[in-house]
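Scroll down for the structure; my scribbles are underneath it.
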Amino acid sequence: MFKLNEIKELIELLDKTSVHELEIENEGTRLCIRKPGKSELVHVQPTMVSPAPQALAPVHAASVAVDNGQVEAAGQHAESAAADANLHKIVSPMVGTFYRASSPDANPYVNVGDKVGVKTTVCIIEAMKLMNELEAEVKGEIVDILVENGQLVEFGQPLFLVKPE
């Protein structure tokens with residue numbers, strides 16, 4: 001099985017080379033990464049037969065193909081807002097479920113208008129029953145929250161817009 005950081009490293013390495021496609025198999029899982037212009041998709045699929053087939057989301061190295069109209073509209077809104085005001089996008093580092101707070105009855109980590117620092121936790125992304133805290137990685141003010149609490153998010157999907165200081 002591939003770890004998320006290994007996949008990220010492979011994508012970054014592929015982007016820096018003239019190689020257009022990379023295919024690797026490890027422990028029953030096949031990973032195929034293609035640069036834009038060829039297929040623009042990254043597929044991770046099990047090669048072992050399972051009783052119930054599972055659909056895996058196609059992911060682009062730089063952006064995400066989205067089927068959900070609501071998420072697509074939020075992504076378009078994020079792109080237009082960022083172009084208008086030189087805003088920093090905080091993007092999802094993985095596929096998972098977006099949570100604004102540590103528990104259903106807790107206050108959200110951040111709200112629109114809140115000031116954040118580089119190490120400020122802004123949300124949790126749950127992936128495979130693991131809760132991953134996401135830090136702002138930029139100092140500034142939260143201008144927009146682009147996804148709803150409990151919504152599924154894709155790798156590279158914009159979550160927050162931050163006006164850098």
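Laboratory data are not the source of any read-out in this text; all were calculated from the coordinates shown. Everything quoted here is computed from the prediction, not taken from an experiment. Cβ placement follows ideal geometry from the backbone for every residue including glycine, while neighbour counts extend to all protein chains displayed.
Tell me the trypsin sites (Lys or Arg not before Pro) within the stretch 118-165 that lie in a loop according to DSSP and have at most 14 other beta-carbon atoms within 10 Å. If you can, show how the numbers build up before the last one.
Details: sites: LYS119, LYS129, LYS139; in loops: LYS119, LYS129, LYS139.
Sparse-neighbourhood loop trypsin sites (Lys or Arg not before Pro): LYS119, LYS129.
For SER103 and ALA127 in the same chain, what is the full-extension length gain: residue separation times 0.36 nm, less their Cα-Cα distance, in nm?
Values: separation 24, 0.36 × 24 = 8.64 nm, distance 1.56 nm.
Going from the current span to full extension adds 7.1 nm.
Each label was represented as a point 7 Å from its Cα along the Cα-to-Cβ direction; for LYS16 and VAL143 these points are 3.0 nm apart.
In the structure shown, the pairs LYS89/LYS129; LYS3/LYS119; LYS119/LYS139; LYS3/LYS89 are assessed against 19 Å; a Cα-Cα span above that value is assigned to LYS89/LYS129; LYS3/LYS119; LYS3/LYS89.
Using the average count of surrounding beta-carbon atoms within 10 Å as a protection proxy, the listed peptides 96-102, 145-151, 6-12, 112-118 rank, highest first, as 96-102, 145-151, 6-12, 112-118. Residues whose amide H lies under 5 Å from that of ASN132, counting only those 5 or more places away or on a different chain, are ILE125, GLU126, ALA127; hydrogens are built 1.01 Å from N in the peptide plane. Modelled spin-label separation between ASN86 and GLU27, with each label point placed 7 Å from Cα along the Cα-to-Cβ direction: 4.5 nm.
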